[in-house]
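The values are calculated or read from the model by the stated rules, or taken from the named source; none is laboratory data. Since the structure is predicted, the reported quantities are computational estimates derived from the model, not experimental observations. No Cβ is skipped: glycine too gets one built from the backbone with ideal geometry, and neighbour counts run over all protein chains shown.
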Amino acid sequence: MKLLNEYLERAVSLEKLAAGEQDSTFKAQLLNQAAAYRKLAAKRALEYGLPPPSPPEEPPQP
């Protein structure tokens, strides 16, 4: 269960970094890494018999 939480925490952290990033290439890389961590979390949740994690939150639109 610890790994599941760590994967989700890392994904959220990367998504927050991406939200403030101005460089579109680096932002895309951060979001790709976050998606990979969410995929790992979903796999781990399935192994534990838990529902998949919620999708990332949408940033507020200006």
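Structure notes:
- Matching residues in the stretch 18-41 - criterion: being over 25 Å from M1 (Cβ atoms) and part of a helix (DSSP H, G or I): A18, A19, S24, T25, F26, K27, A28, Q29, L30, L31, N32
- Per the listing R44, R10, the residue uniquely surrounded by 14 or more Cβ atoms within 10 Å (Cβ to Cβ), modelled with pLDDT of 95 or more and part of a helix (DSSP H, G or I) is R10.
- Where P53 falls short, out of the listed (1) in a helix (DSSP H, G or I); (2) surrounded by 14 or more Cβ atoms within 10 Å (Cβ to Cβ); (3) not acidic (D, E): (1)
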